[in-house]
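Asker: Just passing along the structure, written as structure tokens.
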Amino acid sequence: MTSGDLVEIDCSGINMEPKISIDVKSTKTHSLWAMTDLREFNNRKYYGYVWVKVDLPLNHLAQPIFEAVRNGNMKNIEELVPSLEIIDAEVVGFAWRKDVEKWREFRKGETVFNPNNPKRRLFSAKTDNKACPINRLRGSKNEWEKLVQRLCGIEDD
């Protein structure tokens, strides 16, 4: 397995390296799909995947950063930093690798539709992806407890 995004976990008051590799995936707050790049999925063997919705105002930052870089004015970029001190994020669920293996594939250029209204087009896939409606991720208290137990090496498959 590939080393994951988690480097340390608290297991009953003892900080230790996780026993399984987890890939943390960020997505926009309005995302309806949990997606992972198919090539990355095939090349990096993680045990599980956790999705986090992050409220990062990328559209609002792109223009000022572009202008500052173009004009060589780093002070403008430094002025943006306080606006990034607080970023809302929500852990929305997780999936085991064996779950993701069964997910739907969207091929590059294929229309990604609204899972709640399949006639409504959302966007075209930029790469080949494995995908699942985000509201179908694992997320019950019992499932999170199993994930923590596996991270701590307490429970196996």
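Asker: Give, in nm to one decimal, the length gained when the segment between R104 and E40 is fully stretched (0.36 nm per residue of separation minus the Cα-Cα distance).
Answerer: Roughly 21.5 nm would be gained on extension.
Asker: Run the simple label-point estimate for K126 and E143 please: 7 Å along Cα→C-beta, distance reported in nm.
Answerer: Distance between label points: 2.7 nm.
Asker: Also: Of the peptides 130-138, 97-105, how do they stack up when ordered by the mean number of other Cβ atoms within 10 Å, highest first?
Answerer: 130-138, 97-105
Asker: Quick one: which residues, 5 or more positions from G93 or on another chain, have an amide H under 5 Å from its amide H? H modelled 1.01 Å from N in the peptide plane, none for Pro or chain starts.
Answerer: It is W51, by chain and number.
Asker: Right, next: Name the residues whose placed amide hydrogens come within less than 5 Å of the amide hydrogen of R104, ignoring near sequence neighbours (fewer than 5 apart) on the same chain.
Answerer: Residues meeting the amide H criterion: A131.
Asker: I need M16, M35 ordered by Cβ neighbour count within 10 Å, fewest first.
Answerer: Starting with the residue having the fewest Cβ neighbours, the order is M16, M35.
Asker: May I ask which of K28/K146; K28/K108; K19/K108; K25/K108 have a Cα-Cα span longer than 24 Å here?
Answerer: K28/K146; K19/K108
Asker: With Cβ to Cβ distances under 13 Å as the rule, what net charge do the other residues near D5 carry (K, R +1; D, E -1)?
Answerer: Here the count lands on -2.
Asker: Can you list residues whose amide H is under 5 Å from Y46's amide H, if they're 5+ apart or on another chain and H is modeled 1.01 Å from N?
Answerer: T2
Asker: Continuing with the same structure: Using a 7 Å offset from Cα along Cα-Cβ at I14, what residues in the stretch 127-157 end up with backbone N under 18 Å from the label point?
Answerer: The answer is 148-156, whose backbone nitrogens lie closer than 18 Å to the label point.
A short reminder: the numbers here are calculations on the coordinates, not readings from a lab. Please read all numbers here as calculations on a predicted model, not as lab measurements. So basically every Cβ, Gly included, is an ideal-geometry build from the backbone, and we count neighbours across all protein chains shown.
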